[in-house]
Amino acid sequence: MIIRAASYLRFRGAWCACSQTKKESQKMKKLLLSIAVAAAAPFAWAQVSETTTSTTTTTEGGGTITEFTPGSAIVLKETTGPRRYRFGKTVTYVTKSGKTLDEDTVKTRIRVGVPVHVHYVGSGDDMMVDRVILDED
């Protein structure tokens, strides 16, 4: 009976020690998992931003109007020959002194034979005019 009780206690003690080791092991796993999640969290919620910088070069051309289609295109007789410019979405018409012209004035003053300068972006067939400057006030 004493031997039986001793073996029971030994078994019981071993079971308790084993149970404690399992609990400690589970606690350690939870702790390591918590640390891993905490370390990964900033990357998971980090916002990705992308910055694109582009340089737009505005060039100027000048000459006498040979063709003018309002809202579409203008052809200028330049020293190098005729050159066609397309209009951008918004075009501002101004005088040499910088006064902006209204729509009615544009209809009467912008016509074939008038000397102008244009500000445009692009090159080749993609020259988009954003400003037309009359050479006279």
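The values are calculated or read from the model by the stated rules, or taken from the named source; none is laboratory data. Keep in mind it's a predicted model, so treat the numbers as computed, not measured. Please note: Cβ atoms are built from the backbone with ideal geometry, for glycine as well, and neighbour counts cover all protein chains shown. These area figures cover heavy atoms from the full protein model, side chains too; ligands, DNA and RNA do not enter into them. Shrake-Rupley method; radii C 1.70, N 1.55, O 1.52, S 1.80 Å.
For the stretch 38-91: of the residues being of a type in the set (A, V, I, L, M) and farther than 15 Å from residue 118 by Cβ, which is modelled with the lowest pLDDT?
46
Rundown of residues vs (1) part of a loop (DSSP other than H, G, I, E, B); (2) open to solvent by 30 Å² or more (accessible area, probe 1.4 Å); (3) within 24 Å of residue 137 (Cβ to Cβ), yes/no style:
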{"site": "65", "(1), (2), (3)": "no, no, yes"}
{"site": "76", "(1), (2), (3)": "no, no, yes"}
{"site": "86", "(1), (2), (3)": "no, yes, no"}
{"site": "89", "(1), (2), (3)": "no, yes, no"}
{"site": "98", "(1), (2), (3)": "yes, yes, yes"}
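Could you go through the stretch 108-122 and let me know if any residue there is at pLDDT below 90, of a type in the set (A, V, I, L, M) and in a strand (DSSP E or B).
Yes; the residues of the stretch 108-122 include at least one that is at pLDDT below 90, of a type in the set (A, V, I, L, M) and in a strand (DSSP E or B).
Quick check on this structure: which one of 94, 132 is modelled with pLDDT of 90 or more and under 16 Å from residue 69 (Cβ atoms)?
132
Taking the conditions exactly as written (in contact (Cβ under 8 Å) with a residue 40 or more places away in the chain and either among the acidic types (Asp, Glu) or touching a Gly at 6+ places or on another chain (Cβ under 7 Å) (or both)), does residue 91 satisfy them or not?
Judged against the criteria, residue 91 is not a match.
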